[in-house]
Amino acid sequence: MSREDPDVRGETRGFDSEDTVPEPSSTEVQVEASTEHVYHGRRDPTAPVGEKCTVTVDSEPLRAHYDLLSASPSGFEWGYGGSGPAQLAIAILAHAFGEELACKHYQQFKREVVANLPEDRWTLRTSELDAWCREVVGDA
């Protein structure tokens with residue numbers, strides 16, 4: 001069975017359920033991510049709308065998680081507190097910690113982290129996300 005998932009440019013790509021990594025159940029929400037990942041954001045002001053901001057995790061496009069939040073059909077943004085940054089916040093948290101934590105804390109992550117990312121390019125590591133998450137969620 002296949003489902004559609006928008007990528008970071010607002011396009012869709014099909015993928016099989018075998019390609020997905022199961023998210024932790026509500027009783028298994030992780031405060032620390034198990035693997036070190038590197039998230040990169042880059043802005044290209046000459047690109048068309050919806051393609052100006054690209055975000056990757058470990059050199060692969062970060063999934064937008066429109067199934068959790070459909071705030072920004074034109075894709076990710078950062079550096080302020082709008083709908084594009086909300087989409088980025090939920091996508092990063094869902095990738096690093098699972099859907100439940102992402103849905104609960106993405107607005108705070110948007111305000112405290114995503115809104116303050118540098119305009120042109122940035123890098124976040126799982127260890128930085130872990131530190132933020134420990135402050136917000138505490139040691140579970």
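Taking θ as phi - 60° and the Karplus parameters 6.51, -1.76 and 1.60, the scalar couplings of region 120-132 work out to 7, 7, 7, 9, 10, 10, 3, 4, 5, 5, 4, 5, 4 Hz in sequence order, x denoting glycine and proline. Taking a ≥ b ≥ c as the square roots of the eigenvalues of the alpha carbon gyration tensor, region 38-137 is prolate, as a/c is not under 1.5 and a/b beats b/c.
Quick one: net charge of Y80's neighbours, Cβ under 12 Å, K/R +1, D/E -1? Intermediate results must be reported in sequence, preceding the final value.
On the way: positive: K110, R111; negative: E77, E119.
Summing Lys and Arg as +1 and Asp and Glu as -1 gives 0.
Between the C-alpha center of region 88-126 and that of region 58-80 there is a gap of 10 Å.
Working from Cα pairs under 8 Å separated by at least six residues, relative contact order for region 37-140 is 27 percent.
Which shape class applies to region 84-140: rounded if a/c is under 1.5, otherwise prolate when a/b exceeds b/c and oblate if not, where a ≥ b ≥ c are the square roots of the Cα gyration tensor eigenvalues?
Numbers: a/c = 1.76, a/b = 1.38, b/c = 1.27.
Cα axes put region 84-140 in the prolate bin.
To the nearest 20 debye, what charge dipole does region 38-137 have about its Cα centre, counting +1 at the Cβ of each Lys and Arg and -1 at the Cβ of each Asp and Glu? Let's see the in-between values first.
Details: 10 positive and 14 negative charges, 31 e Å.
Result for region 38-137 is approximately 140 debye, rounded to the nearest 20.
Extension gain for E36-R125 works out to 31.3 nm (0.36 nm per residue, less the C-alpha to C-alpha distance). Taking 7 Å steps out from each Cα toward its Cβ at D67 and E51 produces label points 2.7 nm apart.
Bear in mind that the values in this text are calculations on the coordinates, not laboratory data. Keep in mind it's a predicted model, so treat the numbers as computed, not measured. Here Cβ is always computed from backbone atoms with ideal geometry, including for glycine, and neighbour counts include all displayed protein chains.
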